1. So how many residues does region 80-98 have that are outside any loop (DSSP other than H, G, I, E, B), without any contact (Cβ under 8 Å) to a residue 60 or more places away in the chain and over 18 Å from residue 61 (Cβ atoms)?
2. Do we have any residue at all in region 209-221 that's closer than 13 Å to residue 115 by Cβ, out of contact with any Pro (no Cβ under 7 Å at 6 or more places or on another chain) and part of a strand (DSSP E or B)?
3. Could you tell me which numbered condition residue 194 fails, if it satisfies all but one of (1) out of contact with any Leu (no Cβ under 9 Å at 6 or more places or on another chain); (2) in a helix (DSSP H, G or I)?
4. If we keep just the residues of region 166-175 that are in a helix (DSSP H, G or I) and under 17 Å from the mean Cα position of the chain (by Cα), which is surrounded by the fewest Cβ atoms within 10 Å (Cβ to Cβ)?
5. Filtering region 207-231 down to residues that are of a type in the set (Gly, Ala, Ser) and surrounded by fewer than 23 Cβ atoms within 10 Å (Cβ to Cβ), which residue is farthest from the chain's Cα centre (by Cα)?
6. Tell me whether region 36-46 contains one or more residues that are surrounded by 21 or more Cβ atoms within 10 Å (Cβ to Cβ), more than 22 Å from residue 198 (Cβ to Cβ) and in contact (Cβ under 8 Å) with a residue 40 or more places away in the chain.
7. Report yes if some residue within region 103-110 is at pLDDT 95 or above, in a loop (DSSP other than H, G, I, E, B) and either among the small types (Gly, Ala, Ser) or surrounded by 20 or more Cβ atoms within 10 Å (Cβ to Cβ) (or both); otherwise report no.
8. Given (1) more than 22 Å from residue 257 (Cα to Cα); (2) of a type in the set (Lys, Arg); (3) buried (at least 16 other Cβ atoms within 10 Å of the Cβ), identify the lone condition not met by residue 124.
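The values are calculated or read from the model by the stated rules, or taken from the named source; none is laboratory data. From a predicted model like this one, the values you see are computed outputs, not experimental measurements. Cβ atoms come from the backbone with ideal geometry, glycine included; neighbour counts cover every protein chain shown.
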Amino acid sequence: MAILPLSRRALVLLGVAAASLLTGPMKPAISASSETLRIAVEGEYPPFNKTDKKGQLSGFDIDIANALCKAIEASCKFVKQRWDRMIPDLVDGKYDLVVSSLSITPERLQKIDFTLPYYNTPAKLVAKKGASLSSTLDGLKGQRVGVQKATTHELYLTRKLGSAVELVRYDTLPKAEADMLAGKVDFVFGDAMALSQGFLKTDKGKAFTFVGPDIRIGSGIGIGVRKGQSDLVANLNRALGTIHSDGTYDKIAAKYFDFSLGEWQSADTQ
């Protein structure tokens, strides 16, 4: 597993360390009585975020966003947004935050800022039961692998395997899973928890299982914030500390998961 080059890794670590040292009373970055934080969510990534038949958004990301808004005395307004426009439209000011399981990576840090991570889980491959894969990704060569486009998972496979695999790119993870069910792809690559909770633990996923190694990509999952909003980032980081210390975070996580969401650690971004 490749290690993040020292200069880039140092930047990430310094940012995390500086934010974690912030102390003092919580001061809202925005007044709930006068303004609202517009928060972009994909709504197609269960159990982190999903859209019901009435168009209502729900999931772990939604609950975390609501808890943070409460902690900084702000109001939330959720904006359903397609994945490949998440960062460009944040930069353009169409909303204030992205709370949609967005991985922190050196490439993204060049365009936007992030809060501290609010969870960190490995990426995994799913295939039909009986399929085998070694502890490396070499067994994927010549295979059809479904992946959501414009994600760190797509970038990782492209860098690692290039044209050695047939990458099939989808707008959403459920569309990739549907094509695997139909036999159109051999594997699907994505976040382990999204694949577990949103597919493997459902009726349609009973004939499938995880294969291959755990892969850490990026530096965890954070909240995307437009550059120049350092006060907002600081207040959100304080709010993350608050919801961890008062038990709110664990209560939310227990609604969706029966295992730990993981701690921040250096990871493979090559």
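1. Summing the residues that are outside any loop (DSSP other than H, G, I, E, B), without any contact (Cβ under 8 Å) to a residue 60 or more places away in the chain and over 18 Å from residue 61 (Cβ atoms) in region 80-98 gives 1.
2. Checking region 209-221: not a single residue is closer than 13 Å to residue 115 by Cβ, out of contact with any Pro (no Cβ under 7 Å at 6 or more places or on another chain) and part of a strand (DSSP E or B).
3. (1)
4. Result: 174.
5. Only one residue fits best here, namely 207.
6. yes
7. No, there is no match, as no residue in region 103-110 is at pLDDT 95 or above, in a loop (DSSP other than H, G, I, E, B) and either among the small types (Gly, Ala, Ser) or surrounded by 20 or more Cβ atoms within 10 Å (Cβ to Cβ) (or both).
8. Just one mismatch for residue 124, condition (1).
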